[in-house]
1. So for chain B, averaging the separation of alpha carbon pairs under 8 Å that are six or more residues apart and normalising by length, what relative contact order in percent results?
2. Roughly how many nanometres apart are two label points built 7 Å out from the Cα toward the Cβ at B:GLU56 and B:THR238?
3. Considering the options B:CYS50, B:GLY215, B:ASN135, tell which one lies farthest towards the positive end of the dipole of the protein assembly as shown, charges being +1 on Lys and Arg and -1 on Asp and Glu at the Cβ, about the Cα centre.
4. In deg cm²/dmol, rounded to 500, what helix-only [θ] at 222 nm does the protein assembly as shown give when every DSSP H run of at least 4 residues adds -39500 (n - 2.57) and the total is split over its residues?
5. From the residues A:GLN153, A:TYR64, A:SER210, which one has its Cα farthest along the dipole of the range A:47-279 in the positive direction, the dipole being from +1 and -1 charges on Cβ of Lys/Arg and Asp/Glu about the Cα centre?
6. Assuming a ≥ b ≥ c are the square roots of the Cα gyration tensor eigenvalues, decide whether chain B counts as rounded (a/c under 1.5), prolate (otherwise, with a/b larger than b/c) or oblate.
7. To the nearest whole number, what is the average tally of beta carbon atoms from other chains within 10 Å of the beta carbons of peptide B:82-94?
8. What is the calculated FRET efficiency for B:GLU72 to B:ASP17, with r their C-beta to C-beta distance and R₀ = 25 Å, to the nearest 0.05?
Amino acid sequence: MAMSKRKRTRVIRVVQYAVLVVVVAGFAATADWGRLADAFFDLDVASGMFPDVITVALVNTLIYTGLGFGFGLVVGLVLALMRLSGVPAYRWLAGIYIEFFRGLPALLVILAIGSGIPLAFPGTNLDRYVSIMIALGIVASAYMAETIRAGIQAVPKGQVEAARSLGMSSGRAMLWIVVPQAFKIILPPLTNELILLTKDSSLVLFLGSSQLQYELTQFGRTELNQSRSLTPVLVAGMCYLIITIPLSYLSRYLERRTGGTRIRSAEATEIVDTELEATK
Amino acid sequence: MSEPAIRITGLRKCFGDLDVLCGIDVSVAAGEVVCVIGPSGSGKSTLLRCVNMLEEPDQGSVFVNGVDLTHEDVDIDAARRRIGMVFQSFNLFAHLTVLNNLTIAQRKVLGRGKEEANKVALENLARVGLAEKANAMPAQLSGGQQQRVAIARALSMDPEVMLFDEPTSALDPELVGDVLEVMRLLAEEGMTMLVVTHEMQFAREVADRVLFMDGGVVVEQGPPAQVIGAPRHERTRTFLARVLDPIHRVE
Ligand SMILES: Nc1ncnc2c1ncn2[C@@H]1O[C@H](COP(=O)(O)OP(=O)(O)OP(=O)(O)O)[C@@H](O)[C@H]1O
Ligand SMILES: [Mg+2]
């Protein structure tokens, strides 16, 4: 068949669009829109969720995510430094930790830690927020460690040499010169990490909690059971998007701003991209 | 004779099975300016980096003001405070303003207060003619300005000796002059300087002594007029013929 390359591309494109239209139209025609609308768009149920869905659930989601992220960041930094350490035992320990926790489902880790801590330290009656912080933090730290390590390695060697030549110890050079620049480089992937953790914070619902401690997903599920309407799912979902979409834009903005000048940050981003893929 | 500012004896360094420095003996007297010239790969940078232990020598000793830096009991961070180093690629701290580039080591290493550190920094910025750039970020400066800031940063630590590794090689030709001028002033003030450079004119006019290195050894050394003007060794002549422009070669 004699068809120019460009013409063939155009024909393929038209066929693709046609298939897409047929599929979408097929769904639209066969789905029961009335029942969907009743289930998902019940305004009474929706308005009944306010203001608690914001003042309690959304706030708790933010708190849990923030606690987990902060803890994960600290542990991740320590792990990254261990991975880059000259002491073999540190490198191995960090490597084992990272492989271990990256290889397990987040839910399993959260269950194990959330219920394991009270068993391991009986009587200490750990605050629930602390358990959540540790559980989510451990899940996040294993990923962040690799991101931070890539960021540290992306800082040009000359920066350390300049710092050392001024008399800074290797620890000071790391703290004052390398780490600040590393974090600047990995800001976009860290923002993505924050998005992932925002969603993963929903998993703490399996740890059980009192009503005032509900985060978005548990709040939505409870309302769902009470109202027998799917509207709470929609409302809770919207609340997540209020958090995650701006973060996603922020991440892309940061990437554009740093991406042009810092070729080496591609390394950091790449690792996180494969991680993102892996978690999906 | 009093102890030289820098005394290098029997220095050897290899990377894997590549012998980069094969027994170097060099002394630099206090206040002396010594320029090191030589072809690419001859070990000039490695020699300089051994002086402040950025590279660890395999054999031999490096004394700076009488202290053997290769001795295992030496506090190397303390020793490096007194040895300023200027790199070919400037290596300014990219996340800090010019002023903070000059103050961070003063404050974190020397323990100077903010006020004193700022004062010292501004004095040194003025010295290199960049006082008005105190609040700029390094990326906003030209290469020549960055290198002058790097010199001011090293000077802010009140070093006793200064090491320069091809400080003008990464610069556009029209920016070289400003940096060399700063170095010339520093030399006139009596700073002890060990300078790796390809700027023959600078070496001629400013250096007290020129070393020609090739293949990890010092082939020839002496006053600039002798080493650059009337080299005795064939290798030096070949090198100079390649580096110098025709006008100089006629002399
Ligand atoms: N860290 C290192 N690891 C392995 N080889 C190295 C290292 N540093 C330098 N070398 C090698 O040692 C030799 C001397 O290097 P050096 O940088 O001292 O030369 P140079 O005289 O400064 O050259 P140039 O004029 O190109 O800067 C080169 O062959 C170089 O490849
Ligand atoms: Mg060199």
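1. Rounded, it is 25 percent for chain B.
2. It works out to 3.6 nm between the two label points.
3. So the residue we want is B:ASN135.
4. Details: 22 runs with 299 residues, N = 531.
Only helices count here, giving -18000 deg cm²/dmol.
5. In the range A:47-279, that residue is A:GLN153.
6. Working: a/c = 1.89, a/b = 1.29, b/c = 1.47.
In terms of gyration-tensor shape, oblate.
7. Mean number of neighbouring Cβ atoms from other chains: 4.
8. Values: r = 25 Å, r/R0 = 1.01.
So the FRET efficiency works out to roughly 0.50.
Readers should treat all values here as calculations from the given coordinates under stated rules, not as data from a laboratory. In this text the structure is predicted, and so the values were computed from the model without any measurement. Reconstructed Cβ throughout: ideal geometry from the backbone, glycine too, with neighbour counts over all protein chains shown.
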